[in-house]
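Asks: Got a structure for you, written out below as structure tokens; questions coming shortly.
Please treat every number below as a calculation from the coordinates, not as lab data. Every value quoted in this text rests on a predicted model; they were computed, and no experiment measured them. Note that we place each Cβ from the backbone using ideal geometry, even for glycine, and neighbour counts take in every protein chain shown.
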There are 4 protein chains.
Amino acid sequence: MKVGFIGLGRMGQGMAGRVLGAGHDLVVYNRTRAKAAELEKAGARFVATIAAACADREVVITMLADDTALAAVTGGDGGVLAALAKGSIHVVMGTHGVDIIRSLTHGHASAGQVLIAAPVFGRPDVAAAGQLGIAPAGPARAVEQCQPLFEAIGRRVFDAGSEPAGATAVKLANNFVMGCAIEAMGEAFALIRKYGVPPSALYEVLTEGSFSAPAYKIYGKLIADQSYERPGFTANLGLKDANLVMAAANAALVPLPSASVYRDRLLGAIARGNGERDWAVIALEQARASGLD
Amino acid sequence: MKVGFIGLGRMGQGMAGRVLGAGHDLVVYNRTRAKAAELEKAGARFVATIAAACADREVVITMLADDTALAAVTGGDGGVLAALAKGSIHVVMGTHGVDIIRSLTHGHASAGQVLIAAPVFGRPDVAAAGQLGIAPAGPARAVEQCQPLFEAIGRRVFDAGSEPAGATAVKLANNFVMGCAIEAMGEAFALIRKYGVPPSALYEVLTEGSFSAPAYKIYGKLIADQSYERPGFTANLGLKDANLVMAAANAALVPLPSASVYRDRLLGAIARGNGERDWAVIALEQARASGLD
Amino acid sequence: MKVGFIGLGRMGQGMAGRVLGAGHDLVVYNRTRAKAAELEKAGARFVATIAAACADREVVITMLADDTALAAVTGGDGGVLAALAKGSIHVVMGTHGVDIIRSLTHGHASAGQVLIAAPVFGRPDVAAAGQLGIAPAGPARAVEQCQPLFEAIGRRVFDAGSEPAGATAVKLANNFVMGCAIEAMGEAFALIRKYGVPPSALYEVLTEGSFSAPAYKIYGKLIADQSYERPGFTANLGLKDANLVMAAANAALVPLPSASVYRDRLLGAIARGNGERDWAVIALEQARASGLD
Amino acid sequence: MKVGFIGLGRMGQGMAGRVLGAGHDLVVYNRTRAKAAELEKAGARFVATIAAACADREVVITMLADDTALAAVTGGDGGVLAALAKGSIHVVMGTHGVDIIRSLTHGHASAGQVLIAAPVFGRPDVAAAGQLGIAPAGPARAVEQCQPLFEAIGRRVFDAGSEPAGATAVKLANNFVMGCAIEAMGEAFALIRKYGVPPSALYEVLTEGSFSAPAYKIYGKLIADQSYERPGFTANLGLKDANLVMAAANAALVPLPSASVYRDRLLGAIARGNGERDWAVIALEQARASGLD
């Protein structure tokens, strides 16, 4: 398939590498070419403009950091909306808000193009290993057409329906459930510390019991060890996502009281200068609120 | 070991059966003898009073439904405190509040006896299969002495330290983390339903991803299916536990904002007549609060 | 009227003084006689036992600090329940929980006596000036009978119905609304401080506008000035009341999310050693959670 | 003073009338001329474009419904930024978000103009009577220059400092404190209703005691009477403001847990079709969450 790939951060590099490895014709674009070096060696063609990454492509994938970047890449004279051929597909794989996804859905439809939102689940190492989860939503025929790409990129494809904003909601919901789990652990660990119990005891009870899953193993360990210095995902990014899920919930008139709880802890953590630590640092805020300094 | 066992509910029967199966000398007591039938067939001796279940026993285990039952069994003329021999051990394995555990810790110490709190993790079928987790806390020597019993009853023993109330806190913390996970799913499923996404999609994303653990598989399924009629654990019991963890947190001066969130949903659910449904019914409250009736 | 008065703290002294001043026959009891000195000078008769404060009295008023004190004074051989004559009335004027009020309602009824709950609104100086608000609830005839006492003690009598626990709920609700107002100001002042606005500006906007009431004038001033050292009501007492209102709400199956918010701040404040400061110190917790240290 | 006035809703008409009444030279603009009829009769000059409302004016006042309207009026070729003379002052008196105020602050500065944010406190009838509160913030000299206008429009001017966004924060904080008061009453009234107490009893206790202020008198009455049909301020507008204050708090890294509580109730109320009722309808949501349907 003729594929364009825009956005070669750590996630994007791994994902584009999987597309290339599956034998597709891959053109890549990134603001700084250096990040494309590995892919170029492996056979990808680097282009200097977004428009060139769209020209004659059946599918263009974007994997961008935030809504601002997505707006910049898609809009304007040389943007994806202007450059993509009629009938071609734009697959948005980054984590974005429902507003911009809805706006792009309409924009592409007006231009005779198709939008699929296909957010991914997993970290960069998982992406490089082709083990991501992918939840695409969009017109059924287009999703089917992209199936080979999704299978190349990920381990498991979850059908999120025909409405792109729905896939966005699923992704934001997943991250929200994660934030709640971290917050719950932050509170739980503060509680048992106050009772003189070693954090490792609760960590083992949880992760060898009903919570034997990556979310609890990874973040429970950080909290039990009070180790927030090597972030897998920063508090600042956590706040960005919390705001996105609350905006999505606002638009759909859904109260999310649990989101408010961990978002408040994130605000506190960032206000105290911990924005670039791992977002599990909300457990430190909780500890402070419990007098455990 | 000479063991007394008081409290033959569904959990207690399974646990007592494991003690008996490991070859210990077992005396059992329950208010209604019928529940001891299986155990008597298997060789346990039924006694008609609490005092008789304590006399000449090295260890007496209680597995009771709530603090009221524990207070009734331990206090008064024929209660455990009065009947247990000096040097003997009372192992409290039910889920209780920190107040009563602290009070019993002092009571047993004054009487020259020893208290261990050893709450268990798992449901009745898990108990019958000897697969419970157990988190004992108490004087090290006594805990060591009971180790064969814990190994007979459970799959895994977690050291919760030397303070019985600490084990209580661990158990309450575990149930609290569970309540938070259910609440988070209730909110998340309401959100994606509002975006037209089938609940099964989010269920799969969660349970095949970062949340591949029993808590999410069991309760996520109930919520996705909106099936609350066959309770594993009722909303009323959930509220009891929520109040216990908030009382424990209050005593230790720990704010638990996430507990307030799901406790509020439980209150709403019970107020609407859903107290005897599965406590995952808080997701129905969330759905209603989102206009999804 | 023949009146007994039990509990001569700062509130009780003022209230008993009003009863005496209105010409009633007053017997007073307090654990430490010293606090009765002024009243004795003014003509009250001090007695050495609770029973003596109940004997031959038409009405016995209790004004006690908490549920423990009320339980101690009412129960046991020489307690109010045992000593009060049939047909006599016990007027509980302290702030208590609904559980103990319901229990006393039944206890007095069984003993052929009558319970009225008549909580008061105002501080000691207000009590001494006879300017309290009073919200009595109980059997209509008994409430009518006590009307002269209420009019002696307070400025305004609010009819809270025929169920004593209802009056309790009104009192707890009032204090809850106060806690919410303080919390809201704590959050609002943190916000405007972050925008470089002098706290006095918000204080004036509020108290010269929609919030021109004592709650905002008194507590808004403390918060604007960050002055918590001379408590009118301590954080520890605030927590006691917060727990009472949440227990009342729990019993009635009413979620009180706003109570959880300020209760969490109180727990944090007390955990940091501010339990004996004015409960407006929750604004300091809020400021800290906002990075304003 | 030569004044332009843009935005003749119910508030704007009253405010412009006060400016005119104080003898200033007033030009008015509104999308629909009909709303200017009264003012024109009284001597104001209606102009057909925003640019004409800015030309040769020392001060232009905008009183607009939301950020979208403000952006539309200020931006573009014929907008306020383009049309206002160097040195002239734009006084924003509507309730807006901090982002747009900050953006306008910079925009006007770049254009050699001055921005003052001067939000007002009070409803249309208060505006017509010249009894509004006004909290201006901006460069001291400009604020001083506008003082005669503020005195014409309002009863009381509160100095909110030199940073326009600060005045915005004060206005949003005031409305936030209002939302919290309404929410607290909603919860409190649900509680006492469950105890069988007539709502009027709590209403009187509050408004004749510590809460004898308009916020409680107005909204307490609506809640006690369960009367939400004639909105002074709708739930939809309440949500708009709640989102503005949360955005302001997010930008300043201030957690506002109380805002989340009443915002969640607003979302529920709107989700159930009550968006155009008075925002006190959140008390109905609370009642429902308490099983009081």
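Asks: Out of the range C:1-82, which trypsin sites (Lys or Arg not before Pro) are coil in DSSP terms and have no more than 14 other C-beta atoms within 10 Å?
Replies: Answer by residue number: C:ARG31.
Asks: Under 22 Å Cα to Cα from C:LYS41, which lysines show up? Leave out anything in the same chain fewer than 8 places away.
Replies: C:LYS41 reaches C:LYS2.
Asks: Rounded if a/c is under 1.5, else prolate if a/b beats b/c, else oblate: with a ≥ b ≥ c from the C-alpha gyration tensor eigenvalues square-rooted, which is chain A?
Replies: Because a/c hits 1.5 or more and a/b exceeds b/c, chain A counts as prolate.
Asks: Considering only C:ALA188, C:ALA127, C:ALA269, give the residue with the highest GNM mean-square fluctuation for chain C, with springs between Cα atoms whenever their separation is below 10 Å.
Replies: Ranking C:ALA188, C:ALA127, C:ALA269 by mean-square fluctuation puts C:ALA188 first.
Asks: How far apart are the B:ASP25 label points across copies, placing each 7 Å from Cα toward Cβ, in nm, shortest first?
Replies: Label-point separations across copies, in nm and ascending: 7.0, 8.6, 11.1.
Asks: Going by average Cβ density within 10 Å per residue, which order do the peptides B:221-227, C:277-283 take, highest to lowest?
Replies: Taking the mean over residues of other Cβ atoms within 10 Å, the ranking is C:277-283, B:221-227.
Asks: Can you give me the span-like helices of chain B, meaning DSSP H runs with 27 Å or more of Cα extent along the axis and Kyte-Doolittle mean at or above -0.5?
Replies: Both cut-offs are met by B:164-194.
Asks: Sort A:ARG288, C:ARG123 so the one with the fewest other Cβ atoms within 10 Å of its own Cβ comes first.
Replies: Fewest-to-most ranking of A:ARG288, C:ARG123: C:ARG123, A:ARG288.
Asks: With an 8 Å cut-off on Cα pairs and a minimum separation of 6 or more residues, tell me the relative contact order of the range B:2-162 in percent.
Replies: Details: 328 pairs, mean separation 33.7, N = 161.
Contact order relative to length: 21 percent.
Asks: Let me understand the protein assembly as shown better: what is its radius of gyration from the alpha carbons, and its Dmax, in angstrom?
Replies: Every Cα atom of the protein assembly as shown included, Rg and Dmax give 33.3, 104 Å.
Asks: What GluC sites (Glu not before Pro) does the range A:194-278 have in DSSP loop regions with at most 12 other beta carbons within 10 Å?
Replies: On the way: sites: A:GLU204, A:GLU208, A:GLU229, A:GLU276; in loops: A:GLU208, A:GLU229, A:GLU276.
When the GluC sites (Glu not before Pro) of the range A:194-278 are filtered for loop state and at most 12 Cβ neighbours within 10 Å, A:GLU229 remain.
Asks: Now a separate question. Which chain C residue puts its Cβ closest to the axis that rotates C onto B, and at what distance in whole Å?
Replies: Taking the axis that maps C onto B, the answer comes out as C:SER260, 2.
Asks: Using amide H atoms built 1.01 Å from N in the peptide plane, name the residues 5+ places from D:VAL60, or on other chains, whose amide H lies under 5 Å from its own.
Replies: Those lying under 5 Å, H to H, from D:VAL60 are D:GLY4, D:ILE89, D:HIS90, D:VAL91.
Asks: For a label point 7 Å from the Cα of C:ALA140 along Cα→C-beta, name the residues of the range C:150-165 whose backbone N is under 12 Å from it.
Replies: C:161-162
Asks: Right, another one. Averaged over peptide A:160-166, how many Cβ atoms belonging to another chain are found within 10 Å of each residue's Cβ?
Replies: 5
Asks: Divide by every residue of chain B the summed helix terms, -39500 (n - 2.57) for each DSSP H run of at least 4, and state the resulting mean residue ellipticity at 222 nm, rounded to the nearest 500 deg cm²/dmol.
Replies: The helix contribution divided over chain B gives -16500 deg cm²/dmol.
Asks: If r is the Cβ-Cβ distance from D:LYS41 to D:ASP125 and R0 is 30 Å, what FRET efficiency results, to the nearest 0.05? Walk me through the intermediate numbers first.
Replies: Values: r = 20 Å, r/R0 = 0.66.
With a Förster radius of 30 Å, E is 0.90.
Asks: OK, next. How far, in nm to one decimal, is C:ARG123 from itself in the other copies if the label point is set 7 angstrom along Cα toward Cβ? Shortest first, please.
Replies: 3.2, 5.4, 5.5
Asks: Further, regarding this structure: Distances from B:GLY232 to the same residue in each other copy, label points 7 Å out along Cα→Cβ, in nm, shortest first?
Replies: 2.4, 5.1, 5.2
Asks: Please build a GNM for chain D, connecting alpha carbons under 10 Å apart, and tell me which residue among D:ILE116, D:ILE218, D:ILE153 fluctuates the most.
Replies: Greatest mean-square fluctuation among the candidates belongs to D:ILE218.
Asks: Over the range B:239-293, what relative contact order in percent results from Cα pairs under 8 Å that are six or more residues apart?
Replies: Contact order relative to length: 28 percent.
Asks: Positive end of the charge dipole of chain D (Lys, Arg +1 and Asp, Glu -1 on Cβ, about the Cα centre): tell me which of D:ALA184, D:GLY23, D:SER212 has its Cα farthest that way.
Replies: Farthest towards the positive end: D:GLY23.
Asks: Turning to a different aspect of this structure: Can you give the % of DSSP beta bridges in the range A:2-162 that are antiparallel, to the nearest 5?
Replies: So the antiparallel bridges amount to about 10 percent of the total.
Asks: Highest GNM mean-square fluctuation, chain C, Cα pairs closer than 10 Å: which of C:VAL28, C:VAL60, C:VAL157?
Replies: C:VAL157
Asks: For the range A:126-170, list residues with backbone N below 12 Å from a point placed 7 Å from the Cα of B:SER212 toward its Cβ?
Replies: A:131-133, A:155-156
Asks: What order do you get for C:MET185, C:MET246 when you list them from fewest to most C-beta neighbours inside 10 Å?
Replies: Fewest-to-most Cβ neighbours within 10 Å comes out as C:MET246, C:MET185.
Asks: Another one. Add +1 for every Lys or Arg and -1 for every Asp or Glu among the other residues with Cβ under 10 Å from the Cβ of B:GLU204, and state the total.
Replies: It works out to a net charge of -1.
Asks: To the nearest 20 debye, what is the magnitude of the charge dipole of chain D about its Cα centre, counting +1 on the Cβ of each Lys and Arg and -1 on the Cβ of each Asp and Glu?
Replies: The dipole magnitude comes to about 320 debye.
Asks: Excluding B:LEU20 itself, calculate the net charge of residues whose Cβ lies under 11 Å from the Cβ of B:LEU20, where each Lys or Arg counts +1 and each Asp or Glu counts -1.
Replies: Net charge in that neighbourhood comes out at 0.
Asks: Which whole-number percent gives the relative contact order of the range D:19-58, counting Cα pairs below 8 Å spaced six or more residues apart?
Replies: Details: 32 pairs, mean separation 16.4, N = 40.
Relative contact order for the range D:19-58 comes out at 41 percent.
Asks: Using the Cβ atoms and a cut-off under 9 Å, what net charge is assigned to the surroundings of A:SER227, where Lys and Arg are +1 and Asp and Glu are -1?
Replies: -1
Asks: Right, something else. Name the aspartates and glutamates eligible as straight-distance cross-link partners of C:LYS240: C-alpha to C-alpha under 12 Å, and not fewer than 8 places from it in the same chain.
Replies: Excluding near neighbours in sequence, the set is C:ASP66, C:ASP67.
Asks: Could I ask something else about it? Please order A:THR168, D:THR68, B:THR32 by the number of other Cβ within 10 Å, starting at the fewest.
Replies: Sorted ascending by nearby Cβ count, the order is B:THR32, D:THR68, A:THR168.
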